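Only one structure is covered here, and it is reproduced in the block below.
The values are calculated or read from the model by the stated rules, or taken from the named source; none is laboratory data. Bear in mind the structure is a predicted one, so any value in this text is a computation, not a measurement. Here Cβ is always computed from backbone atoms with ideal geometry, including for glycine, and neighbour counts include all displayed protein chains.
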Amino acid sequence: MKNILIALLMITSLSAIAQNDSYQFYANLNEVKNDKLHISLKTPEIKTDKIIYNIPKMIPGAYTIDDFGQYITEFKAFNEAGEPLNITRIDTNQWEIDNAKSLSEITYWVEDTWDADVENFVFEPCGTNIEEGENILLNNHGFFGYFTGMKNYAYEINVTRPENFYGSTGLTTRVTNGNTDKFTTNNYMDLVDSPIMYNIPDTTVFKVGETDILISVYSKRKNITSKLLAKDVKAILELQKDYLGTLPVDKYAFIIYLFTPENKTISTGALEHSYSSFYYNVDAAAEEFIGPFIGDVAHEFFHIVTPLNIHSEEIGDFDYIHPKMSKHLWMYEGVVEYFADHVKVYGGMITPKEYLKVIKRKISESKHFNDELPFTELSLGCLDKYKNQSDNVYCKGALIGLCLDILLREASDGAMGMKDMMNKLSDEYGKYKSFKDEELFDKITELSGPGIRTFFTEYVEGNKPLPFETVFEKVGVEFKQNVKYTAFSLGFKSLTYNPETERYVITEKGMDEFAKDLGYKINDELVSVNGTKLRQSNLRKVWNEFKTYAKEGDKVKIVVARKEKDIYKKIKLKASARTIEKTKKYVVKFNENATDEQLKLRKSWLGQE
Ligand SMILES: [Zn+2]
């Protein structure tokens, strides 16, 4: 038995030595010059006279055109004897090489996107970072390319690094020899899918179910550490595991880069992959950081359901040079965003009442976009024509997921919700089997019932606003618009904040009817309300106390700072408290008199069975 094993091992290592059927890349992180990294490639055997080398124009999940080829300089190609071969740069992202049958090596330099001087800035989680001796982010599509027709060849990436650096990644194929890490993937798609962040490590590892979780944080300030995040990340992942039934990966890495806002533009966000997600965020105070970060974690992690395990051909066989969009961003982003909120109520992390507030916020955010644009059209045009509408995938997209969840539960008498539907689709398709863009709506209908097809036709392919009233009614939730009511007021509906003076500011649009009683002027800054100094930390408290205890005729005393000739003067304003008519744009609340049937469906929806 032992001998056979050794023989097998020898065969594998011999075939690895032959190596003319794989890409072998080399990068040395110790040799950064002018903020650029040198890349060399031992090429696989080329069987045509000419060949095109490609660096992506766009990558999956980004939904923007980034032209990563623009960061490549001094592109050279050589034959076995080290003689240069003729090259033609066809466009920003493509190089054609002559005498390709003799091609042996390609070399070039890569400049990082994060601090590049370009007009269309690459969203950081999709981009690349070279900070010598500090942090190097290998979003691999920015450094390594592929030959046309040869995306399915194996890849070997050899990275020589500073001794104290560690490369955090979701890849499990690392072999380390001295200061060189070798990573291998089966094809280009898997390489692009697996970013590697190099720096002096701050990592924490733990298990959720059978899955190994890595949290890796880079932060100069070290305000937020991997250890600090571990407890909350574990808590949300446990809920996500229960929600999905299982975590469908053996290892998953949360790779996090935190910056200090003084020296960067404030654009933050994350990008999902099959075995990792990358986060670019402000190194803020822990209590401000954790809540939104855990929301991002829930969203990015749920992407392992879709598009990573359920996707159309446009995504499954991604064209990095001529990207084609799919019609189904409502699912890839919308359903994922819905799950990220819904898992919290379903798993008991937030109450049903708090969850209705989340829904209300999504509804009012979605109404800032064009509600009559068919969602499938938005999806197809998100790179260009409907770029300014594309953020609606996180708002209306999530609400489409919500409506479908309730409708699916209704059609199956509570047995099958959206997450169960996604499980069925994942069984039907999966990471390596794409659906045809055209067939998805019919497939979901086939797995549920004909009513669902009507919903898709009217509200996803069609231009009708989502039918909240009828859908929410099924679970005993009331939805109303423009509801009039009376309440006490302090003269403003909304405020802006002046960080220099640390005071809230009265604006023209933010004033209500009671503002006249008080005599506010535009740009007045609020100093105190009934003797209490107003700060960012107590605005809500002051407002809640006032509206709870105010009685008709009470004296309302407000001190404002009013700027006159560049000098702030404190001015006392007075009025008698009175109620005024206000309008609530949207009301979403539980119906106290819901029927047994509505309650049954509500319990199924909120996971209270
Ligand atoms: Zn997303």
Starting from residues that are in a strand (DSSP E or B) and touching a helix residue (DSSP H, G or I) at 6+ places or on another chain (Cβ under 8 Å), keep the ones in the range 66-102 and report whichever is farthest from Ile39 (Cα to Cα).
-> Asp91
Within the group Asp202, Asp181, which residue is within 30 Å of Asn93 (Cβ to Cβ), modelled with pLDDT of 95 or more and touching a Lys or Arg at 6+ places or on another chain (Cβ under 8 Å)?
-> Asp181
Does any residue of the range 152-163 turn out to be farther than 25 Å from Asn177 by Cβ and buried (at least 16 other Cβ atoms within 10 Å of the Cβ)?
-> no
Candidates Lys493, Lys551, Lys474, Lys480, filtered to the one that is modelled with pLDDT of 90 or more, closer than 30 Å to Glu592 by Cα, among the charged types (D, E, K, R) and touching an Asp or Glu at 6+ places or on another chain (Cβ under 7 Å) | Lys474
Looking at this structure, is Tyr252 more than 14 Å from the ligand (Cβ to nearest atom), within 18 Å of the chain's Cα centre (by Cα), hydroxyl-bearing (Ser, Thr, Tyr) and buried (at least 20 other Cβ atoms within 10 Å of the Cβ)?
-> yes
In the range 550-594, which strands (runs of 3 or more DSSP E) lie fully inside it and hold 3 or more residues that are farther than 30 Å from Ile359 by Cα?
-> 555-564, 567-576
What residue, of Glu333, Glu300, is among the acidic types (Asp, Glu) and under 24 Å from Asp442 (Cα atoms)?
-> Glu333
Give the residues of the range 128-149 that are assigned to a loop (DSSP other than H, G, I, E, B) and crowded, with 19+ Cβ neighbours inside 10 Å, sorted by residue number.
-> Thr128, Asn139, Phe143, Phe144, Gly145
When the range 216-239 is examined, which residues are found to be under 30 Å from Gly430 (Cβ atoms) and either among the hydrophobic types (A, V, I, L, M, F, W, C) or surrounded by fewer than 21 Cβ atoms within 10 Å (Cβ to Cβ) (or both)?
-> Val233, Lys234, Ala235, Ile236, Leu237, Glu238, Leu239
Hey, Leu29 more than 16 Å from the ligand (Cβ to nearest atom), in contact with a Pro (Cβ under 7 Å, 6 or more places away or on another chain), assigned to a strand (DSSP E or B) and closer than 26 Å to Cys126 by Cβ or not | yes
All but one of (1) in contact (Cβ under 8 Å) with a residue 24 or more places away in the chain; (2) outside any helix (DSSP H, G or I) hold for Phe546, so report the exception by its number.
-> (2)
Considering residues of the range 103-122 that are surrounded by fewer than 17 Cβ atoms within 10 Å (Cβ to Cβ) and either modelled with pLDDT under 95 or outside any strand (DSSP E or B) (or both) only, the residue nearest to the chain's Cα centre (by Cα) = Phe121
Long-range neighbours under 9 Å by Cβ, at least six apart or interchain, first residue farther than 11 Å from Ile224 by Cα and within 15 Å of the ligand (Cβ to nearest atom) within the range 284-300, second among the charged types (D, E, K, R) and not in a helix (DSSP H, G or I) | His299/Glu272; Glu300/Glu272
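Quickly run through the range 162-179 and pick out the residues that are of a type in the set (S, T, N, Q) and either touching a Ser or Thr at 6+ places or on another chain (Cβ under 8 Å) or under 21 Å from Tyr275 (Cα atoms) (or both). I'd like the intermediate steps shown before the answer.
Taking the range 162-179 first, the residues of a type in the set (S, T, N, Q) are 164, 168-169, 172-173, 176-177, 179.
Result: Ser168, Thr169, Thr172, Thr173, Thr176, Asn179.
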Taking the range 349-371 as the search range and keeping residues that are β-branched (Val, Ile, Thr) and assigned to a helix (DSSP H, G or I), which one is nearest to Val475 (Cα to Cα)?
-> Ile359
Only one of (1) surrounded by fewer than 16 Cβ atoms within 10 Å (Cβ to Cβ); (2) over 30 Å from Ile200 (Cα atoms); (3) not aliphatic (A, V, I, L, M) does not apply to Asn30, and that is (2)
Taking only the range 390-415 into account, find how many residues are out of contact with any Lys or Arg (no Cβ under 7 Å at 6 or more places or on another chain) and more than 16 Å from the ligand (Cβ to nearest atom).
-> 11
Before we move on, is Ser276 crowded, with 20+ Cβ neighbours inside 10 Å, small (Gly, Ala, Ser) and over 10 Å from the mean Cα position of the chain (by Cα)?
-> yes
Considering the range 41-77, residues that are more than 30 Å from Thr268 (Cβ to Cβ) and hydroxyl-bearing (Ser, Thr, Tyr), and then whichever is nearest to the ligand (Cβ to nearest atom), we arrive at Tyr53
Across the range 316-355, the tally of residues that are within 16 Å of the ligand (Cβ to nearest atom) and either of a type in the set (Asp, Glu) or closer than 23 Å to Gly417 by Cβ (or both) stands at 16
From the residues in the range 301-315 that are away from the ligand (no atom under 11 Å from the Cβ) and over 30 Å from Leu228 (Cβ atoms), which one is surrounded by the most Cβ atoms within 10 Å (Cβ to Cβ)?
-> Ile310
Could you please give the count of residues in the range 523-534 that are loosely packed, with under 13 Cβ neighbours inside 10 Å and either assigned to a loop (DSSP other than H, G, I, E, B) or modelled with pLDDT under 90 (or both)?
-> 1
Set Leu383, Leu373, Leu447: member being of a type outside the set (Gly, Ala, Ser) and at pLDDT 95 or above = Leu373
